[in-house]
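Here's the structure we're looking at; comments come further down.
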Amino acid sequence: MYQNIKAINLFQNTTLSFGGSWRFQTESFINGEFDSNVSQDNIWYLNRFLVHTHLKVGERFELFAELGSSLATDKEDIGPVDKDELYVNQLFIKYQFAPKWDVSGGRYNMRLGSGRLVDIREGPNVRRSFDFVEFNYQTDNFKAKTFFSIPVQPQPEVFDNDYLNFDETFSGVYTTANFSSTTNLDVYALYQKENDAIYASGKENERRVSVGIRHFGKYKKLTYNNEAVYQFGKFGDQTISAWTLSINIEREVNLIGKRVNLGLKTEAISGDKDAADNKMNTFDALYPRGAYFGRVARFGPSNLIDVHPYFNTYFNKWEVSFDYAAFWRYSLHDGVYGAALTLDYPAIGNGRFIAHQLGTIVGHRLNKFVFFELESNVIFPKRFLESSNKEDTLYHFVFTSEIKF
C-alpha cells in the first residue's frame with residue numbers, strides 16, 4: 001500500500017513519486033564562545049521539513065521539485081543556516097539528449113567529490129542550494145561535469161530567498177576517472193567570483209580559481225581519500241596563492257568480535273603570510289559542509305593544521321564513533337575562521353596551538369525510515385584562544401531524530 005502511494009505509474013514509461021523527511025534537533029552550548037562570563041544561550045530546537053516529488057518520463061526526461069521549511073525555536077542568535085520558514089530547496093529538470101550526454105537546469109543541492117569543497121551542508125538546519133545549468137558526459141569509467149551556478153542566499157521568511165544575484169557566481173569542470181577499485185581519480189578546475197569577500201587582510205572583490213586532484217579507493221581493508229588543491233586569482237589588488245593538502249586513511253579491523261574502522265584525517269591549509277604585502281595566501285574552502293569538524297563547527301578549513309584520529313563501529317542497529325582533533329594555525333599572521341569562512345578569531349599574539357577537541361556520536365537506526373543520534377563535543381582552548389581571553393572549556397550537545405518517508 002505504501003509503495004503504491006509513494007510511486008504512481010501515470011501511463012506507459014511515466015512515473016510520479018513522492019517523498020520527504022522531518023528532522024528534529026535539540027542543540028545546546030555551554031561557553032559557546034569559550035567564555036563563561038558572557039550570556040549563555042544554552043538550548044534551542046530546530047525543525048526541518050522537506051517534501052519532494054519526482055516525475056520521470058521514459059529514460060530521458062526528469063523533473064524534481066522539493067519544498068523545505070526550516071524553523072528555529074528559543075535560539076537568540078539566528079543565522080541564515082538556522083531558519084527559513086518556507087523555500088524552494090530544489091527544482092530542476094534533466095534531459096538526456098544523447099546516449100552519453102545530459103543537460104540539467106534549475107535549483108539543486110550540489111555536492112562534488114567527497115564534499116571537501118562543495119557540499120549540500122547537511123549538518124545545519126538549512127541546506128545549501130545553487131541555481132545552475134550543467135552538462136554531463138558519462139561512460140562506464142569516466143564522468144565529466146561542466147556547470148555555471150549562483151549560490152542561493154537564504155532569508156528567514158516565506159519564499160524570500162535571493163536568487164540570480166550575480167555578485168557571487170560559481171562555475172567549473174569536474175571529472176572522475178575510475179581505473180579500478182583501488183585507483184579512482186578526480187581532476188577539476190573551479191572558478192568563484194565573490195564581491196566584498198572578507199579576510200584578515202581586508203574586504204575586497206575576489207576572483208579565485210581552484211585546481212585540484214583527488215585520489216581515492218580501497219585496497220583490501222584499507223580505504224583512502226586524499227586530495228590536493230591549489231588556488232590562484234585576485235583579491236582586490238592582491239594576488240591569490242593558496243593551497244591545501246588533505247589525507248584520510250581508514251583501516252577495518254576486528255576487535256572483540258566486532259568490525260571497527262580506525263582512521264586518521266590530517267590537513268594542512270594555508271593562511272595569509274603578511275596582511276601588508278600584495279599576496280593573499282588564505283585558502284578558501286568555497287562551499288564546504290557546515291559541520292566540517294563535527295556539528296560543533298567552531299573552526300573552518302582556512303589557515304589551519306589539524307590531526308584527527310577516529311574510530312567507529314557498528315553492532316545490530318547501533319553506530320558508535322569517537323574522534324579527537326588537534327588544531328593549530330598554519331600562519332601566525334592570519335586569524336582563525338569559522339565554519340562559514342568568517343573571520344571569527346582575529347590574529348592576536350604569536351600563539352599557534354588553537355585547541356583540543358573530543359567528540360562522540362551514538363546513533364540508532366530503528367528501521368530504514370527512523371533514525372536517532374546523539375553527538376557531544378568538548379573543546380579545550382589553548383594558547384591562541386587563551387591570548388584572546390577565550391580560555392573556558394566549550395561543551396556542545398545535539399540530539400537528532402529523523403523520519404524519512
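Overview of results
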| quantity | calculated |
| --- | --- |
| Residue count for the stretch 299-329, restricted to those that are touching a strand residue (DSSP E or B) at 6+ places or on another chain (Cβ under 7 Å) and part of a loop (DSSP other than H, G, I, E, B) | 7 |
| The lone exception for LYS56 - which of (1) within 24 Å of the chain's Cα centre (by Cα); (2) part of a strand (DSSP E or B); (3) basic (Lys, Arg) it fails | (1) |
| Selection within the stretch 29-49 - free of Cβ contacts under 8 Å to residues at least 60 places away in the same chain and buried (at least 17 other Cβ atoms within 10 Å of the Cβ) | TRP44 |
| The lone exception for LEU67 - which of (1) within 29 Å of PHE97 (Cβ to Cβ); (2) in contact with a helix residue (DSSP H, G or I) (Cβ under 8 Å, 6 or more places away or on another chain); (3) of a type outside the set (Gly, Ala, Ser); (4) crowded, with 16+ Cβ neighbours inside 10 Å it fails | (2) |
| Residues of the stretch 314-336 classified as farther than 20 Å from ALA242 by Cα, crowded, with 18+ Cβ neighbours inside 10 Å and out of contact with any Gly (no Cβ under 7 Å at 6 or more places or on another chain), total | 1 |
| Single residue of ASP35, ASP77 found to be farther than 25 Å from SER129 by Cβ, under 29 Å from the mean Cα position of the chain (by Cα) and of a type outside the set (S, T, N, Q) | ASP35 |
| Within the stretch 343-368, considering residues that are among the aliphatic types (A, V, I, L, M) and not in a strand (DSSP E or B), the one nearest to ASP272 (Cα to Cα) | ALA347 |
| Filter pass, ASN367 being closer than 24 Å to GLN25 by Cβ, over 19 Å from the mean Cα position of the chain (by Cα) and at pLDDT below 95 | yes |
| Given (1) more than 26 Å from TYR287 (Cα to Cα); (2) not in a strand (DSSP E or B), number of the condition PHE371 does not satisfy | (2) |
| Any hit, the stretch 116-130, residues being of a type in the set (Ser, Thr, Tyr), surrounded by 14 or more Cβ atoms within 10 Å (Cβ to Cβ), outside any strand (DSSP E or B) and in contact with a strand residue (DSSP E or B) (Cβ under 9 Å, 6 or more places away or on another chain) | yes |
| Count of residues meeting criterion [of a type outside the set (Gly, Ala, Ser) and not in a strand (DSSP E or B)] in the stretch 22-36 | 4 |
| Residues being within 14 Å of ARG214 (Cβ to Cβ) and not small (Gly, Ala, Ser) - total across the stretch 225-242 | 5 |
| Single match in ALA65, ALA144 (criterion: among the small types (Gly, Ala, Ser), more than 26 Å from TYR191 (Cα to Cα) and touching a strand residue (DSSP E or B) at 6+ places or on another chain (Cβ under 6 Å)) | ALA65 |
| Counted residues, the stretch 337-389 - those being polar (S, T, N, Q) and buried (at least 17 other Cβ atoms within 10 Å of the Cβ) | 4 |
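The values are calculated or read from the model by the stated rules, or taken from the named source; none is laboratory data. Values in this document were obtained by computation on a predicted structure and should not be read as measured data. Here Cβ is always computed from backbone atoms with ideal geometry, including for glycine, and neighbour counts include all displayed protein chains.
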